[in-house]
1. If a residue must be of a type in the set (Lys, Arg) and more than 7 Å from chain B (Cβ to nearest Cβ), how many such residues does region A:94-138 contain?
2. Scan region A:211-258 residue by residue and report those that are in a loop (DSSP other than H, G, I, E, B) and touching a Leu at 6+ places or on another chain (Cβ under 7 Å).
3. In region B:44-54, what residues are free of Cβ contacts under 8 Å to residues at least 60 places away in the same chain and facing chain A (nearest Cβ under 8 Å)?
4. Check off (1) open to solvent by less than 60 Å² (accessible area, probe 1.4 Å); (2) farther than 30 Å from B:TRP142 by Cα for B:ASN313 and give me the number that stays unchecked.
5. What do you reckon, is A:ILE308 within 34 Å of the chain's Cα centre (by Cα) and either closer than 30 Å to A:ILE434 by Cβ or of a type in the set (A, V, I, L, M) (or both)?
6. Among the candidates A:PHE69, A:PHE88, single out the residue that is open to solvent by less than 50 Å² (accessible area, probe 1.4 Å), touching a Lys or Arg at 6+ places or on another chain (Cβ under 9 Å) and either at pLDDT below 95 or in the same structural domain as A:LYS358 (by TED's automatic domain parsing) (or both).
7. What pairs can you find where one residue is in region B:265-280 and assigned by TED's automatic domain parsing to the domain that holds B:LEU194, the other is in a strand (DSSP E or B) and open to solvent by 40 Å² or more (accessible area, probe 1.4 Å), and their Cβ atoms are less than 7 Å apart, with a gap of 6+ or different chains?
8. Of all residues being assigned to a helix (DSSP H, G or I) and of a type outside the set (Phe, Trp, Tyr) in region B:57-66, which is least open to solvent (accessible area, probe 1.4 Å)? Just the residue, please.
Protein chains: 2
Amino acid sequence: MAKELKHLTKRSDDYSQWYNDLVTKADLAEQAPVRGCMIIKPYGYAIWEKIQAGLDKEFKKLGVQNAYFPLLIPKSFFAREAEHVEGFAKESAVVTHYRLKTSENGKGIVVDPDAKLDEELIIRPTSETMIWHTYKNWIHSWRDLPIKCNQWCNVMRWEMRTRPFLRTSEFLWQEGHTAHATYEEAVEEAQTMLHCYADFVEDVMAVPVIRGEKSETERFAGALKTYTIEAMMQDGKALQSGTSHFLGQNFAKSFDVTYLNKDNKPEYVWATSWGVSTRLMGALIMVHSDDNGLVLPPKLAPIQVVVIPINKNEEQLKAITAKLQPAIDQLRELGISVKYDDADNKRPGFKFADYELKGVPVRLVMGGRDLENNTIEIMRRDTLEKENVSFDGIVERVKDMLDDIQRSVFEKARKMRDSKIYECTNYDEFKERIKDGGFFLCPWDGTAETEAKIKEDTQATIRCIPYGYEQKEGAVDMVSGKPATSWVIVARAY
Amino acid sequence: MAKELKHLTKRSDDYSQWYNDLVTKADLAEQAPVRGCMIIKPYGYAIWEKIQAGLDKEFKKLGVQNAYFPLLIPKSFFAREAEHVEGFAKESAVVTHYRLKTSENGKGIVVDPDAKLDEELIIRPTSETMIWHTYKNWIHSWRDLPIKCNQWCNVMRWEMRTRPFLRTSEFLWQEGHTAHATYEEAVEEAQTMLHCYADFVEDVMAVPVIRGEKSETERFAGALKTYTIEAMMQDGKALQSGTSHFLGQNFAKSFDVTYLNKDNKPEYVWATSWGVSTRLMGALIMVHSDDNGLVLPPKLAPIQVVVIPINKNEEQLKAITAKLQPAIDQLRELGISVKYDDADNKRPGFKFADYELKGVPVRLVMGGRDLENNTIEIMRRDTLEKENVSFDGIVERVKDMLDDIQRSVFEKARKMRDSKIYECTNYDEFKERIKDGGFFLCPWDGTAETEAKIKEDTQATIRCIPYGYEQKEGAVDMVSGKPATSWVIVARAY
């Protein structure tokens, strides 16, 4: 298709539309013809692959092994853990038949009524039930523990309101499921994974997060504790970016999984589960990007450096290419992904806009005058600053710039976020200010009633009881006036 | 669980049972509680991950990009390409509802009849229909071509008779889908991918394959040509290990995908698709392994070298460990995966048997006497040959041995296979000899009738019209006596 410059809606005009535009126009994803599902396009998927590879490496360092469990879960399994089924029943995709056939009139294809399953199968919304059914066969003695399995897979939750990456009926994720001999070890594992997620999201995705614990209302269905990382988008709304659950002995009891302890006595096994999904793509996009398009931290950019020659003719192109090639080779040897775009069917202006839209961190441009003067233009995507510099030492300069961009985008996001974290103890003030977004650090009496009232009045929810923020004593709940049990982060969320 | 030595059925007693035993006892996979589905256990999955990573690298070298398309396909899409739906309708898992609810009596969970889908959704058995629906939006002009997308995903085909890895209702695979401007380019792509698969399977999996083209009967539903790689198992049966399809313009026509050529005229797009699956695990297991367990080519072994100390006491263990550590470190620096197993809760004899069962290519054992004598025992899994050698130069020795094992297992498999390829022109002889397995190179008249008769009489099928085998002229079909149009490989198959 003859490509056109693709303008985005401005963030200040309509943040939500800007996001949708960006997802589509930067070739990240598109709406699928199945309600609420998306097609992740090659450029979007290349970013997801980097997230996946990076996390997988961290998991393996922590002794986690990958495995694969079935997509379909018998309905009866699903029903065994009461809270769990309560949490997922309303959004279950159900397989009821296993065959199609030609219709009576021979003109269409219909479900074969003779191929009805005895028991319906649910497309996994998460795999605790299947995995704990399996662990029963794997776990007999304390010697078999701990078990730490993870799977990278697709899951399905029939969501009513969907948005690409942020909330889709089918999404890609990883789900880790661990089994332990003791309460303490399981809680520690859940915490370890929380920090594993947080460190990765901050170091690699350059997205600052608040780590904390969910309130009871917001816990995963079947968990005793849910830990979370919460990121702030540019509009001040929260995005829950990863969760880690301490499941206690709930699933072990539902699936009768016991082990013989060192005294040869049976005990129920302790569990955790933890997951991050393609939702992280949403965080990545919304935290860093601007009105010109994506801004990607170099560690996740499929193309880290684009090099564009500007030439009058074939001969000049050859000379420019010859000049650039050694630098390109050296960058590649350093493990930096470089695209040399000398395609002659697009104007430079189009290319500039397109690579900006796609968030390529560093752009190098060399024209005829640069060739004469031994110079090159270097631009960084995050600030759009460009400079004409000597060609000598360009490799080192690019390398340093990539490191600097990685740091800078994180710092920018952190400053933005920190400027929108407000301590607030007055409910009227809260109700007024929440309209403009931001994270509100508020004293809470620990009751679900207060939580429900806040949500009803303002659509905001308790994101977490945060770590690393002072839990000042003696405060009272801003809604009920009762003594606070903790300070919590309250925000509207995606 | 207190581990016991796990004896396998011998191949000569019951090859099929030997395979099932091995899959289970080497911790590769187990039967799932959903009919025909399997759980891929961590050790099995670690091998699959290596296959996946290796192939993915090759695909990317060929300009293929990964993407992700939805799991669920609307029934109407599915029905658009007539041969395609004919091929897959009988084994489709169908989603009809999107919600569960508590039953009337409050005691169970039932499908909510109010949540019936307007149109049923099929769990993808393969994604041509979804992808060609999508390509319609991606392809407008010759400038948009070629497109080369691949996805790694799960698919579901409701098979009646299943066996772990070889044939399961759900399996993991990759499916590549390419779009081209010309017939020639698409055929070339399908061929390129065939050779990509064949080279990988031979070089990395050490499984020799015959490359060739399928007969019309055996083609993929919707393809004009299907290319295949066929491997021979130790019982002389064939395993189709990967296929690549030239789809012509069938899907482009069904989904109305045209492009404007350089003369600005619309033309239908030409297509290929190609896939390999967890079935490759079956080939890997059945080609190399023996009555003691798995034999893995080093390039795919999750653990390439296991090092086991044999010590009388803690002090001696320390001394042995200190002696071994530098060699272990050096091996790891060379990128070789080494497991040092000094666990004291298992006897050496158990460890030996277990690592043999799991196919670890090289085993090193050091005891007290070795420590004194500066020696070490080295064993290679493929031949079970062991030797007591000087500890000096052990790193180099291990490295060379791994290379040698990789070559040797391929050669052994190739020789075994070649010894069971028979030229055969007499049908009575064929019917007698096919009972003992093997690939029969036979003249064929090119008709489906002959093919059907062979299958009916012997259960054998035409595996392919092979490349690299002489197509002698003047032969007659062994069944019909009519002039042969080609020589084909006939065999029983998994």
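The values are calculated or read from the model by the stated rules, or taken from the named source; none is laboratory data. Values in this document were obtained by computation on a predicted structure and should not be read as measured data. With ideal geometry, Cβ positions are generated from the backbone for all residues, glycine too; neighbour counts draw on all protein chains shown. For the accessible areas, the whole protein counts, side chains as well, though only heavy atoms, and no ligand, DNA or RNA atoms are used. Shrake-Rupley method; radii C 1.70, N 1.55, O 1.52, S 1.80 Å.
1. First, the residues of region A:94-138 that are of a type in the set (Lys, Arg): A:99, A:101, A:107, A:116, A:124, A:136.
Now narrow it down to the ones that are more than 7 Å from chain B (Cβ to nearest Cβ): A:107, A:116, A:124, A:136.
Qualifying residue count for the region: 4.
2. If the condition is that a residue be in a loop (DSSP other than H, G, I, E, B) and touching a Leu at 6+ places or on another chain (Cβ under 7 Å), then A:GLY222, A:ALA223, A:LEU224, A:MET233 are the ones that fit.
3. Across region B:44-54, the qualifying residues are B:TYR45, B:GLU49.
4. So B:ASN313 meets the others, but not (1).
5. Spelling it out, A:ILE308 is indeed within 34 Å of the chain's Cα centre (by Cα) and either closer than 30 Å to A:ILE434 by Cβ or of a type in the set (A, V, I, L, M) (or both).
6. It is A:PHE88.
7. Correct list of pairs: B:PRO266/B:THR258; B:PRO266/B:LEU260; B:GLU267/B:THR258; B:TYR268/B:THR258; B:VAL269/B:THR258.
8. B:GLU58
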